[in-house]
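S.K.: Have a look at this one.
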Amino acid sequence: MTVPLERSARPSSAEQRQIEIQGEIVDYRLVRSSRRSIGLSVDRQGLRVGAPPAASLAYIETLLRQQGGWVREKLAFWRARAPLALEAGSECLWLGQPHILRRASGRVSQCHDRQLDLAARAEETDLSAAFLRWSKAQARPLFIQRLAHYAGRLGIPAPPLILSSAKSRWGSCNAKGEIRLSWRLMQFDPKLIDYVAAHEIAHLKEMNHSPRFWAIVALLYPGWRAARREIRLLARQLPQLN
Ligand SMILES: [Zn+2]
């Protein structure tokens, strides 16, 4: 059932889609090309579905659900594997959107047209370290700005930010009033980053998860329930980066 990723010269189209399989939201890449049958493959990039142009989405989704056990087993297998080495040409989420990673020719990393040009050092064989440097450099000013925004809404001074590398503890706040946010949040949509910032700012008023705490969160970020749910789903699907 595993179909290798083909790089054909024929015109093909690709789109990111989601489907619920056995209660789990699964992202997949639907690639249409001039092939005769539907092929499913799962690798560290996730689920990929190759389909002929005429195959209906309903048919594709029925097939995915029929193969749901296999798909979830393969996804779990890859999630448990060693951290993803980011290579040129691979895809990565950046601010909630898939971006293609490239090795920048110069020393400056930049983001444009759904592409991340990363300035890797000569001795670096993949882009993992460059991605980490880029993410941290971009995260700091953004997080400081979002924390200042929500602190301002509560009329309190902006707290000191400590950038963390936590893999699932996206944010935390300590008794000294310092807020830690993980640079890994940069893979999320900015609105989800805002939720985490608002959540931690609310802790400066209430160091607990009491109804009073959630009332402050709701004041700062009315859509907090949906954001919290979305982050939980995403967290299970994110590739493991170093
Ligand atoms: Zn909390």
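FYI, it's all coordinate maths here, none of it is from the lab. Just so we're clear, the structure is a prediction, and the values are computed from it rather than from any experiment. All Cβ positions, even for glycine, are placed from backbone atoms using ideal geometry, and neighbour counts span all protein chains on display.
S.K.: For the stretch 108-127, give me each residue that is outside any strand (DSSP E or B) and surrounded by 17 or more Cβ atoms within 10 Å (Cβ to Cβ). Break it down into steps so the answer makes sense when it comes.
M.R.: So in the stretch 108-127, the residues outside any strand (DSSP E or B) come out as 108-109, 113-114, 119-127.
Selection gives 109, 119, 120, 126, 127.
S.K.: Step by step: first the residues of the stretch 173-191, then only those that are within 15 Å of the ligand (Cβ to nearest atom) and not in a loop (DSSP other than H, G, I, E, B), then the one that is nearest to residue 93 (Cα to Cα). Which residue is that? Quick ask: steps written out before the conclusion?
M.R.: First, the residues of the stretch 173-191 that are within 15 Å of the ligand (Cβ to nearest atom): 173-175, 177-182, 185.
Pick out the ones that are also not in a loop (DSSP other than H, G, I, E, B) and you get 173, 179-182, 185.
On the way: 173: 26, 179: 24, 180: 21, 181: 18, 182: 15, 185: 10 Å.
So the residue we want is 185.
S.K.: How do the pairs read when you match residues in the stretch 168-190 that are closer than 15 Å to residue 200 by Cα with residues anywhere that are among the acidic types (Asp, Glu) and within 16 Å of the ligand (Cβ to nearest atom), using Cβ under 6 Å and keeping only pairs 6 or more apart or on different chains?
M.R.: 171/200; 173/200; 179/200
S.K.: Moving to a separate point now. For the stretch 192-204, name all the residues that are within 12 Å of the ligand (Cβ to nearest atom) and charged (D, E, K, R).
M.R.: Across the stretch 192-204, the qualifying residue is only 200.
S.K.: For the stretch 137-145, does any single residue satisfy the condition of being surrounded by 20 or more Cβ atoms within 10 Å (Cβ to Cβ) and of a type in the set (S, T, N, Q)?
M.R.: Looking through the stretch 137-145, none of the residues is surrounded by 20 or more Cβ atoms within 10 Å (Cβ to Cβ) and of a type in the set (S, T, N, Q).
S.K.: Within the stretch 128-172, can you find the residues that are part of a loop (DSSP other than H, G, I, E, B) and either within 16 Å of the ligand (Cβ to nearest atom) or touching a His at 6+ places or on another chain (Cβ under 8 Å) (or both)? Step through it out loud before you land on a result.
M.R.: First, the residues of the stretch 128-172 that are part of a loop (DSSP other than H, G, I, E, B): 155-160, 165-170.
Matches in the stretch 128-172: 159, 166, 168, 169, 170.
S.K.: Which numbered condition in (1) of a type outside the set (A, V, I, L, M); (2) within 16 Å of the ligand (Cβ to nearest atom); (3) crowded, with 19+ Cβ neighbours inside 10 Å is the only one that residue 225 fails?
M.R.: With (1) of a type outside the set (A, V, I, L, M); (2) within 16 Å of the ligand (Cβ to nearest atom); (3) crowded, with 19+ Cβ neighbours inside 10 Å applied to residue 225, the lone miss is (3).
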